[in-house]
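Notes to accompany the following structure.
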Amino acid sequence: MRNDIKEETWLNAAQCAKRVGLTVRALRVYEQTGLIHPRRSGKNWRLYGASEIARLNEILTLKRLGFTLQHIARLLGGQPVDLDRMLDMQNLGLQEQLARTQQSLAIVDALRAKTAAGDLLSVDELLKLAKDTNMTDTLSEAVAWRRWEQARPRKEKKIDAALCAQYAGYYALDDIAYVITHRDGRLFTRLSRQPELEIFPEDVDRFFYKAVQAQITFIRKQRGDVTGLVLHQHGYDHDAPRIEWERGVALEEALADRIRQNQPVENGRTLLRLVIEDLCGEPDYTLMTPALAELAREQSETNGPFLKSMGMLRDMTFKKVTKEGWDLYDVSFDNGHLYWSFVLNGGGKFSGLFYRKPPED
């Protein structure tokens, strides 16, 4: 956590409100709810410095994302100002806004070119224009809310160690086994073929990782049996129902066999070619899971121009199934080649996708 703030200038309430774009009354409300704690001068005037103004930035960012003051107070209560987290959220919001604006401009330019050529616009095209240029994109806002919540600091809480046995077992995250293990009153998790990570209790049925910004909520039936879990990560909630031990073992063995036999996923080559060609032109995010699609949108400003600079896709050579179960291809373009790795979910959508330069490069 970083807090790179220099205390140089102090403002009174009226000055602070004017320069931040608030009212003095709003400052009082934020103070009454415990969100800010202005200092006092010798004459008991409230003073606002860089730390208070940084906290106001956090508050305003969360308000723009739709949080209530009560929710903001719960998120920020007792926590120091985290400039890095606040700036990251601002950056994500602006990048998403920029991507949406660029998409809307592309639609408008295409329709203008069509009308300039003397063609009539169809009802479908006009409906698409109206929807796109007026959308509020509540999905992106919801993702931003969850990212903020998932990034906040967590405090470990002691719970009954006997509960750990209730959580242990196999869960199905898409078609991948998600394994919960308990040892000596501690809980550990892993995905098939991936390292084990410890999770820590925030409360009964609620745990968090220290190694990554992610949390787990265990789901119970009314009678108390644990029936599944929800993984909270990257602004999304991923449901994983509990499965029988035999099915969990079968999922792990099936993945191990595919890796051992170096067997690519069925239709993987065709899907990879399709998604690469789309990313080089107009991305089709329906090929991806919502979480991956959101990440691809955020990175489109960088990835799009780079992939276009590679030229036409020429050839694809399957290399191997990695030890984690990802298919790896060597993809040749007019202007070089890249290694692409991917994994598909149970519905045939890309849930993981990345490229890198080959080792010899």
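The values are calculated or read from the model by the stated rules, or taken from the named source; none is laboratory data. Model, not experiment: these values are computed from the prediction. Virtual Cβ from ideal backbone geometry, glycine too; neighbours counted across all protein chains shown.
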| said: Of everything in segment 179-219, what is out of contact with any strand residue (DSSP E or B) (no Cβ under 8 Å at 6 or more places or on another chain) and under 21 Å from GLY235 (Cα atoms)? Give them in sequence order. | reply: ASP203
| remark: LEU271 meets each of (1) touching a Ser or Thr at 6+ places or on another chain (Cβ under 7 Å); (2) outside the structural domain of PHE188 (by TED's automatic domain parsing) with one exception, condition (1)
| request: Scan segment 81-100 and give yes if some residue there is in contact with a Pro (Cβ under 9 Å, 6 or more places away or on another chain), surrounded by 12 or more Cβ atoms within 10 Å (Cβ to Cβ), assigned to a loop (DSSP other than H, G, I, E, B) and at pLDDT below 85, otherwise no. | output: yes
| said: Looking at ASP330, ASP334, ASP315, can you tell me which residue is among the acidic types (Asp, Glu), surrounded by fewer than 17 Cβ atoms within 10 Å (Cβ to Cβ) and in contact with a Gly (Cβ under 6 Å, 6 or more places away or on another chain)? | reply: ASP334
| message | Can you find a residue that is surrounded by 13 or more Cβ atoms within 10 Å (Cβ to Cβ), under 20 Å from ALA13 (Cβ atoms), among the charged types (D, E, K, R) and at pLDDT 70 or above anywhere in segment 41-49? | response | yes
| query | With respect to ARG258, is the statement that it is basic (Lys, Arg) and either closer than 27 Å to TYR171 by Cβ or in contact with a strand residue (DSSP E or B) (Cβ under 9 Å, 6 or more places away or on another chain) (or both) true? | reply | yes
| query | If you go through segment 260-271, how many residues are of a type outside the set (D, E, K, R) and more than 28 Å from the chain's Cα centre (by Cα)? | reply | 3
| request: Within segment 159-171, track down each residue that is among the hydrophobic types (A, V, I, L, M, F, W, C) and surrounded by fewer than 18 Cβ atoms within 10 Å (Cβ to Cβ). | output: ILE159, ALA161, ALA162, LEU163, ALA165, ALA168
| said: Quick check on THR227: is it outside the structural domain of VAL143 (by TED's automatic domain parsing), touching a residue at least 12 places away in the same chain (Cβ under 8 Å) and within 25 Å of ALA172 (Cβ to Cβ)? | reply: yes
| message | Suppose we keep only residues that are within 21 Å of the chain's Cα centre (by Cα) and small (Gly, Ala, Ser) within segment 135-165. Which one would you say is modelled with the lowest pLDDT? | response | SER140
| message | Quick check on this structure: which one of ASP132, ASP174, ASP109, ASP124 is modelled with pLDDT under 90, outside the structural domain of THR289 (by TED's automatic domain parsing), surrounded by 14 or more Cβ atoms within 10 Å (Cβ to Cβ) and on the phi < 0 side of the Ramachandran plot? | response | ASP132
| note | Result of the Cβ filter at 6 Å on segment 241-264, keeping first residues that are under 16 Å from GLY346 (Cα atoms) and in the same structural domain as VAL230 (by TED's automatic domain parsing) and partners that are in a helix (DSSP H, G or I) and charged (D, E, K, R), at least 6 apart or interchain, is none
| said: Can you report the number of residues in segment 166-212 which are outside any loop (DSSP other than H, G, I, E, B) and either touching a residue at least 24 places away in the same chain (Cβ under 8 Å) or within 22 Å of the chain's Cα centre (by Cα) (or both)? | reply: 26
